[in-house]
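Remarks on the structure that follows.
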Amino acid sequence: MLLHTARKSLAGRGLARNVAVRTLAGGSFYKVGANSGASTTGEGVTGDVLDLAVNLKNTRPGDLIEVPYELTVGGSFREFWHSAFYCHDRISTSTPFARKLGLQDQVLPFSLMLFLTGSMSHADAAKVQVGFRNAVYHWPAFAGDTFTKKFEVKSVRNTSDGEHSVLTFNCSLINQRGRVCMSADKTMLFDFAHLSPSPVEASPPIDNDEDMFRSHLLGKAEVLGELGSHSLTPLRPQQLIVHTMNRALSLTQSQQLASLARLTHERHFNSHKFTPSSEMFVPGGLVLGLAMSASARDLHEILHESVLDVTYTNNVHPGDVVSAVTYVKSLDENISGDMESLVVTTVGVKGMDSEDLAKLSFPVELFEPGMTGRQMEAICEEKVPELKGKIVVSAERRIIRQASRSEAFLL
């Protein structure tokens with residue numbers, strides 16, 4: 001079985017880089033600062049406010065943040081995720097199917113793994129999440145696994161107004177055996193100017209096991225052929241799919257899921273200070289989960305995927321309904337057996353349902369990777385004003401699935 005293969009741990013790799021690595025766990029990095037105004041009087045005492053967040057103002061590309069927390073993902077966590085995000089891919093819902101592919105159990109969904117990988121309890125001061133790049137599911141993860149995290153500062157720059165900073169982190173989620181199960185580059189905007197912005201970008205680690213999970217599944221082409229394809233519809237390049245799954249996350253769901261991932265930002269929780277319907281935010285990982293969930297039935301059945309580029313455009317508040325469209329960019333039918341690889345862009349939209357989206361003509365440039373939220377908004381304003389302020393996320397994805405067959409069972 002795949003998990004029983006003995007290989008060298010990935011946890012310690014990647015230290016010989018173009019940029020020197022400073023390990024910032026403990027020491028000055030996690031120094032706890034207190035409110036200097038605390039004092040004692042004859043009648044009472046005022047409290048200290050402890051600042052447990054990482055001081056990111058002095059970080060440099062190549063700095064390594066080893067987070068001192070551990071999280072065991074139980075079966076109840078997995079099922080709660082499935083209750084909020086639609087998924088019918090057997091590799092994530094069927095233990096017998098997964099075992100026939102040489103896996104010990106159904107794997108944790110990609111969107112759940114990316115949410116955990118990018119959840120940063122130590123970065124409480126972030127103003128907004130900008131996006132993800134290069135999210136790869138390296139090694140299968142299962143309910144019962146215990147995860148730790150490691151973040152490397154990849155790049156640091158200040159915005160043109162000199163009042164904010166943009167930091168990109170290479171995030172790694174590591175299981176109890178030292179395996180890197182998922183990695184991704186996460187970019188965040190902070191409400192301070194960095195003290196030492198740098199044009200240098202840290203080189204990514206060399207990871208010989210990057211495609212282990214994908215390669216394992218491609219090697220099971222004959223088994224998958226015998227099990228049969230459940231893909232519902234053939235997909236073709238330049239096809240735009242309007243998804244009919246539209247749903248929201250309530251304030252309670254958003255807060256519960258944020259707590260399970262150990263997020264701490266007050267805009268996810270403090271309904272006394274912020275109005276839920278207009279000032280509180282659904283975490284970025286959950287917004288991406290909603291868009292991917294909306295597309296799940298039409299793209300069924302996905303065996304493996306990676307995210308090439310994610311851009312967040314407008315905030316999602318608890319109760320906002322998110323729908324989605326997916327544009328098929330390319331199709332490769334020659335990878336293994338009857339499996340096919342597609343590059344698609346899924347765009348999540350709030351405040352509109354599938355009937356509204358089906359009436360619109362989408363500019364093709366909206367589906368290009370690497371655009372900023374501002375650029376996407378400018379395109380909407382000029383060519384499709386109905387989407388102005390409505391697009392919440394755009395995700396370019398590479399998915400692997402079995403090709404559609406006419407005898408597929410309808411879900």
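Over 27 Å apart: what share of the alpha carbon pairs of the chain falls there, rounded to a whole percent?
Within the chain, distances greater than 27 Å cover 53 percent of Cα pairs.
Near residue 147, the amide H atoms lying under 5 Å from its own belong to 71, 72, 73; only residues 5 or more places off or on other chains count, and H is placed 1.01 Å from N. Using θ = phi - 60° in the Karplus curve 6.51 cos²θ - 1.76 cosθ + 1.60, the 3J(HN,Hα) couplings for region 370-377 round to x, 6, 7, x, 5, 5, 5, 5 Hz; x is entered for Gly and Pro. Can you give the FRET efficiency for residue 233 and residue 270, using 1/(1 + (r/R0)^6), R0 = 51 Å, r = Cβ-Cβ distance, to the nearest 0.05? With a Förster radius of 51 Å, E is 0.70. For residue 239, the residues 5 or more places off, or on other chains, whose built amide H falls under 5 Å of its own are 328. Taking 0.36 nm per residue of sequence separation and removing the Cα-Cα distance, the residue 76/residue 160 pair yields an extension gain of 25.7 nm. Rounded, prolate or oblate: which fits region 260-411, taking a ≥ b ≥ c as square roots of the Cα gyration tensor eigenvalues, rounded meaning a/c under 1.5, else prolate when a/b beats b/c? Prolate. In order along region 46-62, the Karplus-derived 3J(HN,Hα) couplings, from 6.51 cos²θ - 1.76 cosθ + 1.60 at θ = phi - 60°, round to 8, x, 8, 9, 7, 9, 9, 6, 5, 7, 8, 5, 10, 6, 10, x, x Hz, and Gly and Pro are given as x.
Over the chain, accessible surface divided per residue gives 44 Å², non-protein components excluded, 1.4 Å probe.
Reducing region 298-360 and region 67-96 to their Cα centroids gives an inter-centroid distance of 20 Å. Rolling a 1.4 Å probe over the protein heavy atoms of region 187-278, with every protein chain left in place, gives an accessible area that is 52 percent carbon and sulfur.
Ordered from largest to smallest accessible area (heavy atoms of protein chains, 1.4 Å probe), the residues 335, 399 come out as 335, 399. In order along region 237-242, the Karplus-derived 3J(HN,Hα) couplings, from 6.51 cos²θ - 1.76 cosθ + 1.60 at θ = phi - 60°, round to x, 6, 8, 10, 10, 9 Hz, and Gly and Pro are given as x. In this rough spin-label picture, where each label sits 7 Å from Cα along the Cβ direction, the residue 222-residue 88 distance is 3.1 nm.
From the largest down, region 179-259 spans 58, 41, 33 angstrom on the principal axes of its Cα atoms.
The values are calculated or read from the model by the stated rules, or taken from the named source; none is laboratory data. What you see is a predicted model, and the numbers here were worked out from it, not measured in a lab. With ideal geometry, Cβ positions are generated from the backbone for all residues, glycine too; neighbour counts draw on all protein chains shown. Side chains included, ligands, DNA and RNA excluded: accessible areas come from the protein's heavy atoms. Shrake-Rupley method; radii C 1.70, N 1.55, O 1.52, S 1.80 Å.
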